[in-house]
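Undergrad: Could you have a look at this structure, given as structure tokens, before my questions?
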Amino acid sequence: MSLKDSFNFEDFRKIAKKKLPAPIFHYIDGGSDDEVTLKRNTESFSKCDLVPNILASVGEPDLSTKVLGSKIDMPLFLSPVAMQKLFHHDGDKASARAAEKFGTFYSMSTMATSSIEEIANAASGPKMFQLYIHKDQGLTDNLIDRCKSSGFNAMCLTVDTVVAGNRERDHRWGFTTPPKLTLKSILGFMMRPKWTFNYLTHEKFQLANVANIQKKGPSRAKRVME
């Protein structure tokens with residue numbers, strides 16, 4: 001199946017499963033525990049009804065709306081997703097360019113694999129930053145100031161639990177911190193040589209927004225910010 005023959009979510013999911021090593025695919029496709037919440041969230045979209053205005057002009061349909069003070073061309077935008085270079089070597093840059101192309105918000109995770117500045121240079125569309133509050137206030141202040149300087153339009157504050165979810169698929173495939181790869185998961189990477197080649201031949205994987213500061217040490221975060 002190719003992109004040009006894909007028409008719905010399930011088609012794109014099949015392509016992702018075909019192209020990604022199994023541990024990576026199940027990381028992005030899976031949820032916590034029995035995945036009850038994941039299923040409920042997915043089913044909720046099926047319960048939404050579109051109620052069109054009858055006998056209204058459709059010569060120039062307008063789906064635009066305003067979100068956080070910015071006009072976007074459709075009532076949908078990209079939510080923040082961490083570690084996108086695991087899925088494709090262009091990672092967050094590709095997502096930001098896609099959001100710009102369709103005139104909507106790109107949302108960036110603190111744990112992105114491209115930096116705030118790189119995304120600002122890659123796309124000029126509206127951008128939101130998902131902020132984790134760090135114990136070192138200097139690190140948090142640094143991220144906020146960099147977003148301001150890079151022209152981000154909004155920030156969203158992360159208020160979820162500080163305990164990582166029990167992602168059973170990740171345990172099965174050894175995609176944990178630190179990794180505990182099994183023969184089965186290693187074979188999953190070996191069966192996707194194109195992904196492995198791209199991963200090894202492109203820019204090194206890192207959590208770009210915090211990597212350089214962490215190298216200098218948390219106590220020096222304020223100095224980096226200045």
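Undergrad: Taking the Cα-to-Cβ direction at Phe197 and at Cys156 and moving 7 Å from each Cα, how far apart do the two end points lie in nm?
TA: Taking the two extended label points, one gets 3.6 nm.
Undergrad: Give the cross-link partners of Lys4 among the lysines, using a straight C-alpha distance below 16 Å as the criterion and excluding same-chain residues fewer than 8 apart.
TA: Lys14, Lys18, Lys19
Undergrad: Expressed in nm to one decimal, what extension gain is obtained for the pair Thr177 and Met1 from 0.36 nm per residue of sequence separation less their Cα-Cα distance?
TA: 60.0 nm
Undergrad: With springs connecting C-alpha atoms under 10 Å apart, model the chain as a Gaussian network and identify which of Met111, Met74, Met83 has the largest mean-square fluctuation.
TA: Answer for the Gaussian network model of the chain: Met74.
Undergrad: Pairs of Cα atoms under 8 Å, at least six residues apart: use those to get the relative contact order of region 1-107, whole percent.
TA: Here the relative contact order equals 18 percent.
Undergrad: In percent, how large is the relative contact order of region 42-100, given Cα pairs closer than 8 Å and 6 or more residues apart?
TA: Relative CO of region 42-100 lands at 16 percent.
Undergrad: Give, as ranges by residue number, the residues of region 85-126 whose backbone N falls under 18 Å from the point 7 Å along Cα→Cβ of Ala56.
TA: none
Undergrad: Which value, in debye to the nearest 20, describes the size of the charge dipole of the chain about its Cα centre when Lys and Arg Cβ atoms bear +1, Asp and Glu Cβ atoms bear -1, and nothing else is charged?
TA: 840 debye
Undergrad: Near the amide H of Cys156, under 5 Å away, which other amide H atoms are found, from residues 5 or more places off or on another chain, if H is placed in the peptide plane?
TA: Phe129, Gln130, Leu131
Undergrad: Please build a GNM for the chain, connecting alpha carbons under 10 Å apart, and tell me which residue among Val210, Val159, Val67 fluctuates the most.
TA: Looking only at Val210, Val159, Val67, the largest GNM fluctuation is found for Val159.
Undergrad: Can you run phi through the Karplus equation (6.51, -1.76, 1.60; θ = phi - 60°) for region 47-64 and list ³J(HN,Hα) in whole Hz, with x for Gly and Pro?
TA: 8, 7, 9, 8, 10, x, 7, 7, 6, 9, 5, 10, x, 9, x, 10, 9, 5
Undergrad: Count neighbours as other Cβ atoms within 10 Å of each site's Cβ, and list the chymotrypsin sites (Phe, Trp or Tyr not before Pro) in region 1-36 that are DSSP loop with at most 10 such neighbours.
TA: Phe7
Undergrad: At a threshold of 8 angstrom on Cα-Cα distance, excluding pairs fewer than six apart, so keeping six or more, what relative contact order does the chain reach in percent?
TA: About 23 percent, as a whole number.
Undergrad: Most fluctuating residue of Gly165, Gly30, Gly188 in a GNM of the chain with Cα springs under 10 Å: which is it?
TA: Between Gly165, Gly30, Gly188, it is Gly165 that shows the largest mean-square fluctuation.
Every number here is computed from the coordinates shown, using simple stated rules; none is lab data. Keep in mind the model is a prediction, meaning the values are calculated, not measured. So basically every Cβ, Gly included, is an ideal-geometry build from the backbone, and we count neighbours across all protein chains shown.
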